[in-house]
Each structure stands twice: as C-alpha cells, then as structure tokens.
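> Quick one: structure below, then a few questions.
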Amino acid sequence: MEKRELLYSGKAKSVYSTDDPDLMVLEFRNDTSAFDGKKVEQLDRKGMVNNKFNAFIMTRLAEAGIPTHFETLLSDTESLVKRLDMIPLECVVRNVSAGSLCRRLGVDEGVELDPPTFELFLKNDALGDPMVNEYHARSFGWAEESHLNRMKELTFQVNQVLKAMFDQGGLMLVDYKLEFGLYKGEVVLGDEFSPDGCRLWDKETREKLDKDRFRQGLGNVVEGYEEVGRRIGVQF
C-alpha cells in the first residue's frame, strides 16, 4: 500500500491518500488541544497510544457487528482505513452527567442518566460545534432521515458493547462522541474512538482517565490513557 498526498490535517490526526481510491492512511500525531485550540501541547507517545487504542476498540466493535472504517494497523502511529463520505455531525451519548451537559443545564457532575441521552452536534470549528437536532440535519441536508436513524442505532449499539467492556476493567464510560460516513451507500463508523473523544472514570474512585486530565491540568495525560488501555487489554 503506497501512502501518497496529505488530504487533511486536523487537530490531532492527518489523513493521506493511497494508491487505492477506497483506502486512506490515518496518522495519529502527538498534538493535543482543548478549548477550541486555545490550549495546545505536544504529548510524547500520545499518537502511538491513541492509534493502538483505536485499533483495539474498532476491532472489538466490528466483532460485535458494527461496521467501521478500520482496516489494519500500519505502524505505531498509522492505520489503514476505508475512505468515507463523512457526515458533518457528531453523535454523543451520555451515561453520566459531565462536561458541557453540566454547564448547559446546571446539573451536578456525576449523575447517572437513565436512560442515557443522545445529542447531535454540527462539526464546525468556526461555530464551536453547535448542538443541533435531527430536523436541522434534514432541513439543511447534512444527513438523510434513514442515515440519522442508522447513526443513532449504531451509537447505542456501541454504548452496549463498550459499557460492558470498560465495566470489566473497573471503568465507567461517562460519555463519548462518534462520527459516521457513507461507504458505498452504507453508514459506517469513522474517525476514532480513544480517550481524546470520550470520558472514562475509575468506578471506585471516579478518577478521570481521559482528555479531561489535559483540559483540567491534572497531569499524566498519556499515562491515564495507557491505564485505560491496560485494563481492557490493549497492547502498546
């Protein structure tokens, strides 16, 4: 597989074309940012940790019948993925109140939500990724109704699989975001699943082992990610 031109460079990942038009190389970098890019640092080993963490999770989800774009690991920091026509929405499930939910609604952090909540956000850095609803998505042509229904269905399937997996590792899956795209007409899970895009707490102590360690200046960010991986069986 020949890696070719840079197609896109985001906050923490870069995407390259290959000699196969249906496949791309996803590179995980050490860049780390928060608060719409106001806080930026390089964290040693982070690209490697997130790449291998993501590969592990995507493989487990595929085994559970969830279609993903992940194909195979190429190196410590690169993976081969299917080329998707991305849908410009983030699907967010919250099992426990934290982060922006607490700020928006004035609720305490750490309240277990029954049922879990589902939210949609428009992927638009300039607008701060605003919260939207399914009517907005359909009216503005961001996604068709059938695609939205499938995205929600898959997002909750992911919740079932990963809540159980993390629970066995003594962890709470507090919340997470997913992104989807179309591959030959099928809705497929894209982007990544790593501690950069979810919240994970120790079940007993509620210690934060995710990107909130970076946002809140708690230190040992990558070490927290590695601890999560170790508990669920990721080999770094």
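The values are calculated or read from the model by the stated rules, or taken from the named source; none is laboratory data. Bear in mind the structure is a predicted one, so any value in this text is a computation, not a measurement. All Cβ positions, glycine included, derive from the backbone under ideal geometry; neighbour counts span all protein chains shown.
> If we only count helices (runs of 4 or more DSSP H) wholly inside the range 122-215, which ones have 2 or more residues that are closer than 25 Å to L105 by Cβ, at pLDDT 95 or above and among the basic types (K, R)? Outline the logic, then answer.
Details: elements: 134-139, 145-168, 212-215.
Passing ranges, in order: 145-168, 212-215.
> Being assigned to a strand (DSSP E or B) and free of Cβ contacts under 8 Å to residues at least 40 places away in the same chain is the requirement here; does T32 meet it? Explain how you work it out, then say what you get.
Values: assigned to a strand (DSSP E or B): yes; free of Cβ contacts under 8 Å to residues at least 40 places away in the same chain: no.
No, not satisfied.
> Then there's this: Scan the range 72-95 for residues that are in a strand (DSSP E or B), charged (D, E, K, R) and surrounded by fewer than 16 Cβ atoms within 10 Å (Cβ to Cβ) and report the count.
So the count comes out to 1.
> Now a separate question. Looking at S194, is it surrounded by 14 or more Cβ atoms within 10 Å (Cβ to Cβ), among the hydroxyl-bearing types (S, T, Y) and closer than 23 Å to F53 by Cα? Spell out how you get there, then give the answer.
Values: surrounded by 14 or more Cβ atoms within 10 Å (Cβ to Cβ): yes; among the hydroxyl-bearing types (S, T, Y): yes; closer than 23 Å to F53 by Cα: yes.
Against the criterion (surrounded by 14 or more Cβ atoms within 10 Å (Cβ to Cβ), among the hydroxyl-bearing types (S, T, Y) and closer than 23 Å to F53 by Cα), S194 qualifies.
> Mind listing whichever residues of the range 38-51 are surrounded by fewer than 21 Cβ atoms within 10 Å (Cβ to Cβ), touching a residue at least 60 places away in the same chain (Cβ under 8 Å) and either of a type in the set (G, A, S) or not in a loop (DSSP other than H, G, I, E, B) (or both)? Lay out the reasoning, then the answer.
Going residue by residue through the range 38-51, those that are surrounded by fewer than 21 Cβ atoms within 10 Å (Cβ to Cβ) are 38-45, 48.
Now restrict to residues that are touching a residue at least 60 places away in the same chain (Cβ under 8 Å): 39, 41, 43-45, 48.
Selection gives K39, E41, M48.
> When only residues in the range 208-230 that are touching a helix residue (DSSP H, G or I) at 6+ places or on another chain (Cβ under 8 Å) and farther than 21 Å from K177 by Cβ count, which is surrounded by the most Cβ atoms within 10 Å (Cβ to Cβ)?
To start, the set of residues in the range 208-230 that are touching a helix residue (DSSP H, G or I) at 6+ places or on another chain (Cβ under 8 Å) comprises 208-211, 213-214, 218-222, 224-226, 228-229.
In the following step, the residues that additionally are farther than 21 Å from K177 by Cβ were identified as 219-220, 226.
Details: G219: 9, N220: 12, E226: 20.
Here the answer is E226.
> Quickly run through the range 177-236 and pick out the residues that are among the aliphatic types (A, V, I, L, M) and free of Cβ contacts under 8 Å to residues at least 60 places away in the same chain. Full working, then the answer.
Here is the first cut: in the range 177-236, the ones among the aliphatic types (A, V, I, L, M) are 178, 182, 187-189, 200, 209, 218, 221-222, 228, 232, 234.
L200, L209, L218 - these are the residues of the range 177-236 that are among the aliphatic types (A, V, I, L, M) and free of Cβ contacts under 8 Å to residues at least 60 places away in the same chain.
> Among the numbered criteria (1) surrounded by fewer than 14 Cβ atoms within 10 Å (Cβ to Cβ); (2) more than 25 Å from L23 (Cβ to Cβ); (3) among the small types (G, A, S), which one does G185 miss?
Tallying (1) surrounded by fewer than 14 Cβ atoms within 10 Å (Cβ to Cβ); (2) more than 25 Å from L23 (Cβ to Cβ); (3) among the small types (G, A, S), G185 fails exactly one: (2).
> Same structure, new question: State yes or no: is F156 under 18 Å from the mean Cα position of the chain (by Cα), more than 26 Å from D22 (Cβ to Cβ), touching a residue at least 40 places away in the same chain (Cβ under 8 Å) and surrounded by fewer than 17 Cβ atoms within 10 Å (Cβ to Cβ)?
Details: under 18 Å from the mean Cα position of the chain (by Cα): yes; more than 26 Å from D22 (Cβ to Cβ): yes; touching a residue at least 40 places away in the same chain (Cβ under 8 Å): yes; surrounded by fewer than 17 Cβ atoms within 10 Å (Cβ to Cβ): yes.
Here the answer is yes, as F156 does meet what is asked.
> Filter the range 41-78 down to the residues that are within 25 Å of L218 (Cβ to Cβ) and polar (S, T, N, Q), then identify the one that is modelled with the lowest pLDDT.
The initial filter retains those residues of the range 41-78 that are within 25 Å of L218 (Cβ to Cβ), namely 41-54, 56-57, 77.
Filter once more, so that each one left must be polar (S, T, N, Q): 42, 50-51, 54, 77.
Values: Q42: 95, N50: 98, N51: 98, N54: 98, T77: 98.
It comes out as Q42.
> Restricting to the range 101-117, what's the tally of residues that are surrounded by 15 or more Cβ atoms within 10 Å (Cβ to Cβ), assigned to a strand (DSSP E or B) and touching a residue at least 24 places away in the same chain (Cβ under 8 Å)?
Residues that pass the stated criteria total 1.
> Restricting the range 1-29 to residues that are assigned to a loop (DSSP other than H, G, I, E, B) and in contact (Cβ under 8 Å) with a residue 60 or more places away in the chain, which is surrounded by the fewest Cβ atoms within 10 Å (Cβ to Cβ)? Steps first, please.
Keep residues of the range 1-29 that are assigned to a loop (DSSP other than H, G, I, E, B), which gives 1-2, 10-12, 19-22, 29.
Checking which are in contact (Cβ under 8 Å) with a residue 60 or more places away in the chain leaves us with 1, 12, 21-22.
Details: M1: 12, A12: 20, P21: 8, D22: 11.
Filtering the range 1-29 for residues that are assigned to a loop (DSSP other than H, G, I, E, B) and in contact (Cβ under 8 Å) with a residue 60 or more places away in the chain, the one surrounded by the fewest Cβ atoms within 10 Å (Cβ to Cβ) comes out as P21.
> Something else: Given the conditions (1) on the phi > 0 side of the Ramachandran plot; (2) out of contact with any Phe, Trp or Tyr (no Cβ under 9 Å at 6 or more places or on another chain), which single one is not true for E134?
Among (1) on the phi > 0 side of the Ramachandran plot; (2) out of contact with any Phe, Trp or Tyr (no Cβ under 9 Å at 6 or more places or on another chain), the lone unmet condition for E134 is (1).
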